[in-house]
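Worksheet: the structure to be examined is printed underneath.
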Amino acid sequence: MLAAGELAAGFARLGVRPGTVLHVQASLRSLGPVAGGADTVVAALLDALGPAGTLVAYTATPENSATSRIHKQATAGLTPEEVEAYLSRMPGYDPATTPCSPTMGALSEAVRTLPGALRSAHPQTSWTAVGPLARTITRHHPLTSHLGPDSPLGRLYELDARVLTIGVPMAHFTAFHLADLRMADVPLREYRCRDAEGWLTFKAPDLDDLHFADLGTHVLARATGVTTARIGSADCRLIPVREAVDLAEQHLRRTRA
């Protein structure tokens, strides 16, 4: 059974340093048994980061969107009347109270509920941060930049943040969206999301992650700043956002030329 001190030592061994801006993507199940579950992992991360560090989690709510893949799966097979009834029951997104999607994992929800945590306003792709740079990361998140340079993910790139993956494959490395959105041929699509004021319809880049596994293989073969460690039963990586995104962009430009 892993305890907070053992986890904090493992994160430090991996390279998590006090003062780091750290985005965590975690499969807690991969760690094995942890005394106290997600809350203990978060406490260990905060211990490793120290008071000058900032902890960041992706706390998206695709369930609040009528155009998301999750919504389409949930309403598949329903009649038009049933779909309308389903939409009428959907609560509007409230940054302070709306839980993050279960698909984000228990750790993201544990970060969201930390005292002093701040969350961005996007009703579909919000981010939460706690620490000295939390407001810098979360205060600006326009509808048209889900995961682009004007989003909290863009701030992580600017701040030279690190991504800690705990048992999460590179196929789910969220920062690769930044490389995608630097391409000139990114198509736009219509999105429909619900916030506390009602329904919002807007156009933004079409997001896709089906090629992220290939990008991950390319980046890991060339990156010089990635460190790895086994923590509990999980394979963990500490990855510089800038290096990973820049390498992914180079690969995309070569393969699409």
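Do you know which of the residues in the stretch 195-233 that are open to solvent by 70 Å² or more (accessible area, probe 1.4 Å) and of a type in the set (A, V, I, L, M, F, W, C) is nearest to the chain's Cα centre (by Cα)? Looking at the filtered set, the residue picked out is L210.
Mind listing just one residue for me: the one in the stretch 60-108 that is among the hydrophobic types (A, V, I, L, M, F, W, C), closer than 17 Å to T201 by Cβ and part of a helix (DSSP H, G or I) and, of those, least open to solvent (accessible area, probe 1.4 Å)?
Among them, the one singled out is L87.
Which residue out of L247, L210 is in contact (Cβ under 8 Å) with a residue 24 or more places away in the chain and either under 28 Å from A134 (Cβ atoms) or outside any strand (DSSP E or B) (or both)? Answer to the check: L247. Modelled with pLDDT of 95 or more, more than 26 Å from V241 (Cβ to Cβ) and among the hydrophobic types (A, V, I, L, M, F, W, C) - does that describe any residue in the stretch 83-100? Within the stretch 83-100 (the criterion being modelled with pLDDT of 95 or more, more than 26 Å from V241 (Cβ to Cβ) and among the hydrophobic types (A, V, I, L, M, F, W, C)), the answer is yes, since at least one residue qualifies. Taking the criterion of being touching a strand residue (DSSP E or B) at 6+ places or on another chain (Cβ under 8 Å), open to solvent by 40 Å² or more (accessible area, probe 1.4 Å) and hydrophobic (A, V, I, L, M, F, W, C), the residues of the stretch 30-59 that qualify are A35, L46.
Could you list, in sequence order, all residues of the stretch 1-18 that are within 17 Å of A129 (Cβ to Cβ) and either more than 20 Å from the chain's Cα centre (by Cα) or assigned to a strand (DSSP E or B) (or both)? Can you show your working first?
First pass over the stretch 1-18, keeping only residues within 17 Å of A129 (Cβ to Cβ): 16, 18.
Listed by number, the list holds a single entry, P18.
Is the stretch 118-129 home to any residue that is farther than 18 Å from C193 by Cα and open to solvent by 60 Å² or more (accessible area, probe 1.4 Å)? Lay out the reasoning, then the answer.
Step one: of the stretch 118-129, the residues farther than 18 Å from C193 by Cα are 118, 128-129.
Now drop any that are not open to solvent by 60 Å² or more (accessible area, probe 1.4 Å), which leaves none.
No, the stretch 118-129 contains no residue that is farther than 18 Å from C193 by Cα and open to solvent by 60 Å² or more (accessible area, probe 1.4 Å).
For the stretch 13-29, residues that are of a type outside the set (K, R) and surrounded by fewer than 16 Cβ atoms within 10 Å (Cβ to Cβ) total 2.
Take the residues in the stretch 151-192 that are small (G, A, S) and open to solvent by less than 40 Å² (accessible area, probe 1.4 Å); name whichever of them is farthest from I70 (Cα to Cα). Residue satisfying both the conditions and the ranking: A161.
If I ask for residues that are under 21 Å from T113 (Cα atoms) and crowded, with 23+ Cβ neighbours inside 10 Å, which ones from the stretch 131-150 would you list? Don't jump to the end; show me each part of the working.
So the first thing to find is which residues in the stretch 131-150 are under 21 Å from T113 (Cα atoms), and the list is 131-141.
Those that are under 21 Å from T113 (Cα atoms) and crowded, with 23+ Cβ neighbours inside 10 Å: G131, I137, T138, H141.
The values are calculated or read from the model by the stated rules, or taken from the named source; none is laboratory data. Here the structure is a predicted model, which means the values were calculated and not measured. Using ideal geometry, Cβ is built from the backbone for each residue, glycine included, and neighbour counts are taken over all protein chains shown. Only protein heavy atoms, including side chains, enter the accessible area calculation; ligands, DNA and RNA are left aside. Shrake-Rupley method; radii C 1.70, N 1.55, O 1.52, S 1.80 Å.
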